[in-house]
Each structure stands twice: as structure tokens, then as C-alpha cells.
Amino acid sequence: MAPNKTTTIQQHGQIHPHPKETNGGAGATGLIKALAEDYLTLLDRPGSIQWICNHSRNTQLALFHGHVDLALTYEREQEDISVAEGWAQNEGCVFHDHFCLAGPRDDPANVKQAASIGDAFDRIATAQATFHNRSDGSATMWKERQIWDQCRCQPWNDPGAGWYESFLNTPSEAVTQANIAGAYLLNDRSTFLTMASQGHVSNLAVFFEPEDAASTLMNSCYALTSPHTSKDVAERVASFLTYLKSSRGQGVVARYGCDKVGVPLFASLSEGYARAKLAGKDYKGDERTGRNSALEKL
């Protein structure tokens, strides 16, 4: 824990002290488990890695309070705050996830003609098309609000914006509910693909996703560690971080999801962003098996 025991990072909801698969693409889709299990096979002694699930800011606070030794987070400004306050070290990027704008296939706001993600949000607001928001303090919520702010629109503060509906949903629940309601939403690629492969996005299509590594829709994962931990813990964390950034660890990232979904859920450091695009594709999955049949052009 930091010596002064204070931070300006705000908690949202509970900081879960025990593993719970309810939030976050890399954890809930199994990438963290796959990386941990592969790493443990390389050790010359028995070991274990426990995953504690929180959204990005609460994950930082879990590191601050000493609940975790390594935090995987998604918000650069918040990471900078923790480093500036002296209780975290930024170990850099470890893999890439991506945000995507999905919505009903009939596209009532005509976002498929939008020139940018900001233009797409403007069209949704103008058409007063149903939009689902995750009011959970997650990196997804803050990214969505950042885009709305760029459009000079704050529907969460507008009592007249009945088209803007807020829910405390997990990423997978958000996709399922938007699919049923015919709503637009911002979600992470890994969760969307996983739900699609299980047959839960029959009424949704992806309209926007990152086109390059500099896109505002990138959702890259960085690692934070504590500078105040013991030497033994610091060495073990450093060993795992070395593995994460190694060609073997990055190979796990680059391949993850191909066996069940047909395309990678994430992108490795060398790839920079996902080359397999979702926009303009029809994802056909099997709800019973969770396996895809095809990723086809519409």
C-alpha cells in the first residue's frame, strides 16, 4: 500500500476481494486463465495465480489496498494518476482488446453511413434510437462518455433522453440485453465475439471498430505493479510480466479464441490491433456448443 494511504481515484461499487467472473473481457473470456496456466507449466516449482475480477479503476484500487500484486487495467489517465501518487509502477502494455459500436441490423440511426465514431453517436442521438449504457464505472462506460463528450452531448444527465437507457450489466449481459431490445451499445470485441459464437447476437451488427493502433476505440491492457511490495513478491511478479511480454505469452494472446470463435479475440503487442474485422460481417454461432460456423460477409 502507498505510504500516505490516500488516492484520488474513485471507487465505483465494491472492490471484490475474491475471484468472480462477472466483468472484463480478458478475464471473463478466459485469456487470463490461459496465460496463467501456460506460465505455470514453465516453473520448476509448484505455483498458483489467483484472478480477482474488478473493473479497471477498482482493479487499481485493489492494487492500492494490497489485494493484488499485479493490476491489468485499461485507462491511461487513471494509470498516470496512480503512478504520480507514488503507489504504482506502469509496466507497459501487455495485449490489446478493442471497443466496438454494435447495434440493430436494421440500423434505425443509419450509423453505417457515419464518417466517424463521433458522427455515429450524433446520428444515434438525432434519431433518438435506443442506446444501452453500462452505468458501472467500467472503462467501457468512461470510453462511451468520452465519445459523447466529444459530441457535446451528455444523455446520462438529460431527463428528456428517454432513448438512452442505463443498466448495471456485465459485458455479456449488456450484449444479450441489447440484442433483445434492438439497442446500440459500446462493448469490447472479446465479449462480443464470445457472445456471438454462442448465438446471442442474432439481431446485432458491428458498425465501428479500430482501423489502426491509434484509434480511439483501442482498449489496450497495461500492467501496474506496486513499488512497495516485498522483494520476493516483486521477483515473482516480474517473472510473470516477462512471460506476458515474451513471444510465448504473446503467442497465447494472438491465438486465443481461434479454436472456438474462428478469429482471435485479442491482438498481441506486435500486431498492434486486430486485423480480422467484425464490421460488415454476419457471425453465425451455435448457442448449444458455443462454437462458430462461419464469419461471413453480409
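The values are calculated or read from the model by the stated rules, or taken from the named source; none is laboratory data. Small disclaimer: the values here were computed from a predicted structure and weren't measured. Cβ sites come from the backbone with ideal geometry, for glycine too, and all protein chains shown count toward neighbours. Ligands, DNA and RNA are stripped out before the accessible areas are found, and what is left, the full protein with its side chains, is counted by its heavy atoms. Shrake-Rupley method; radii C 1.70, N 1.55, O 1.52, S 1.80 Å.
Say we look at region 113-155 and pick out the residues that are hydrophobic (A, V, I, L, M, F, W, C) and open to solvent by 60 Å² or more (accessible area, probe 1.4 Å); which of these is farthest from the chain's Cα centre (by Cα)? This residue is 115.
Regarding region 68-77, can at least one residue be identified that is exposed (fewer than 14 other Cβ atoms within 10 Å of the Cβ) and closer than 26 Å to residue 217 by Cα? Yes, there is a match, as at least one residue in region 68-77 is exposed (fewer than 14 other Cβ atoms within 10 Å of the Cβ) and closer than 26 Å to residue 217 by Cα. In region 158-176, the qualifying residues are those that are assigned to a helix (DSSP H, G or I) and among the polar types (S, T, N, Q), and the one that is farthest from residue 25 (Cα to Cα) is 176.
Which ones in region 231-267 are among the hydroxyl-bearing types (Ser, Thr, Tyr) and crowded, with 18+ Cβ neighbours inside 10 Å?
243, 256
Checking region 206-219 against the condition returns a match, with at least one residue being open to solvent by less than 20 Å² (accessible area, probe 1.4 Å), touching a helix residue (DSSP H, G or I) at 6+ places or on another chain (Cβ under 9 Å) and not in a loop (DSSP other than H, G, I, E, B). For region 25-35, the candidate set comprises residues that are without any contact (Cβ under 8 Å) to a residue 60 or more places away in the chain and not β-branched (Val, Ile, Thr); within that set, the residue that is surrounded by the most Cβ atoms within 10 Å (Cβ to Cβ) is 27.
Within region 41-58, the presence of a residue that is open to solvent by less than 40 Å² (accessible area, probe 1.4 Å), modelled with pLDDT of 80 or more and of a type in the set (Ser, Thr, Tyr) is excluded. Filtering region 91-117 to residues that are part of a strand (DSSP E or B) and either at pLDDT below 95 or not small (Gly, Ala, Ser) (or both) leaves 91, 93, 94, 95, 96, 97, 98, 99, 100, 101, 104. Of all residues in region 143-173, those satisfying the criterion of being touching a helix residue (DSSP H, G or I) at 6+ places or on another chain (Cβ under 8 Å) and either of a type in the set (A, V, I, L, M) or touching a residue at least 60 places away in the same chain (Cβ under 8 Å) (or both) are 147, 161, 170, 171, 172.
With respect to the stated conditions, residue 270 fails to be assigned by the TED database to the domain that holds residue 65, at pLDDT 95 or above and open to solvent by 50 Å² or more (accessible area, probe 1.4 Å). Does residue 210 satisfy the criteria of being touching a residue at least 60 places away in the same chain (Cβ under 8 Å) and touching a strand residue (DSSP E or B) at 6+ places or on another chain (Cβ under 6 Å)? Yes, satisfied. Of the residues making up region 74-105, just one is among the hydroxyl-bearing types (Ser, Thr, Tyr) and within 23 Å of residue 206 (Cα to Cα), namely 74.
Identify, from the list 187, 179, the residue that is open to solvent by less than 60 Å² (accessible area, probe 1.4 Å) and part of a strand (DSSP E or B). I'd like the intermediate steps shown before the answer.
Values: 179 fails: part of a strand (DSSP E or B).
Sole residue among the options that is open to solvent by less than 60 Å² (accessible area, probe 1.4 Å) and part of a strand (DSSP E or B): 187.
A Cβ distance below 6 Å, combined with a sequence gap of six or more or placement on separate chains, defines the contacts here; from region 224-235, residues that are in the same structural domain as residue 80 (by the TED database) reach residues that are open to solvent by 50 Å² or more (accessible area, probe 1.4 Å) and among the acidic types (Asp, Glu) in the pairs 225/91; 233/69.
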